[in-house]
Amino acid sequence: MARELPRPAKEVDLHADAFIQQMDEYEVEELLGESIDLLRASLDAAIYWDYTEIRFIHGKGKGLLRKAVYEELAYYKQAGAIANYHPSYRNEDIVVVHIGL
């Protein structure tokens, strides 16, 4: 029997305080890793569910999360798993990922 991934939200907030209860127990690098893990899980599920696009909120801040998000998306694009990605035209704190061609 095949395992079914849960259907992800169409817009995912990658800020650690949006999905981690006790942030004071984590180092900055660990929080960044948790955010990238959430991106991977959400994007993999969106691909599984045949979404045409998904949006990730990375925010402004120091740009550490944005840089990590764009590096991860470059890997997905190079692997052929996504078609394209770009900053949202309405809000540069959000990256829009186009999954299908």
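The values are calculated or read from the model by the stated rules, or taken from the named source; none is laboratory data. Everything quoted here is computed from the prediction, not taken from an experiment. Every residue, glycine among them, receives a Cβ derived from its backbone with ideal geometry; neighbour counts consider all protein chains shown. Just so you know, the surface numbers come from the protein's heavy atoms only, side chains and all, with ligands and any DNA or RNA stripped out. Shrake-Rupley method; radii C 1.70, N 1.55, O 1.52, S 1.80 Å.
Return the residue satisfying two criteria in turn: it lies in the stretch 11-55 and is open to solvent by 60 Å² or more (accessible area, probe 1.4 Å) and of a type in the set (Val, Ile, Thr), and of such residues it is nearest to ALA83 (Cα to Cα).
Among residues in the stretch 11-55 that are open to solvent by 60 Å² or more (accessible area, probe 1.4 Å) and of a type in the set (Val, Ile, Thr), the one nearest to ALA83 (Cα to Cα) is THR52.
In the stretch 59-76, is there at least one residue being assigned to a helix (DSSP H, G or I), surrounded by fewer than 14 Cβ atoms within 10 Å (Cβ to Cβ) and small (Gly, Ala, Ser)?
yes
Search the stretch 50-61 for residues that are touching a residue at least 40 places away in the same chain (Cβ under 8 Å) and pair each with any residue that is among the basic types (Lys, Arg) and open to solvent by 10 Å² or more (accessible area, probe 1.4 Å) when their beta-carbon atoms are under 8 Å apart and the residues are at least 6 apart or on different chains.
TYR51/LYS10; GLU53/LYS10; ILE54/LYS10; ARG55/LYS10; HIS58/ARG66; GLY59/ARG66
Under 8 Å between Cβ atoms, at least 6 apart or on separate chains: pull out the pairs that start in the stretch 36-48 with a residue that is modelled with pLDDT of 95 or more and end on any residue that is part of a helix (DSSP H, G or I) and surrounded by 14 or more Cβ atoms within 10 Å (Cβ to Cβ).
Cβ pairs passing all conditions: ILE36/ALA68; ILE36/VAL69; ILE36/GLU72; LEU39/VAL69; LEU39/GLU72; ARG40/GLU72; LEU43/TYR76.
Return the pair list, or none, for Cβ contacts closer than 8 Å from residues in the stretch 80-101 that are within 16 Å of HIS58 (Cβ to Cβ) and open to solvent by 50 Å² or more (accessible area, probe 1.4 Å) to residues that are assigned to a strand (DSSP E or B) and not aliphatic (A, V, I, L, M), at least 6 apart or on different chains.
What qualifies is TYR85/HIS98.
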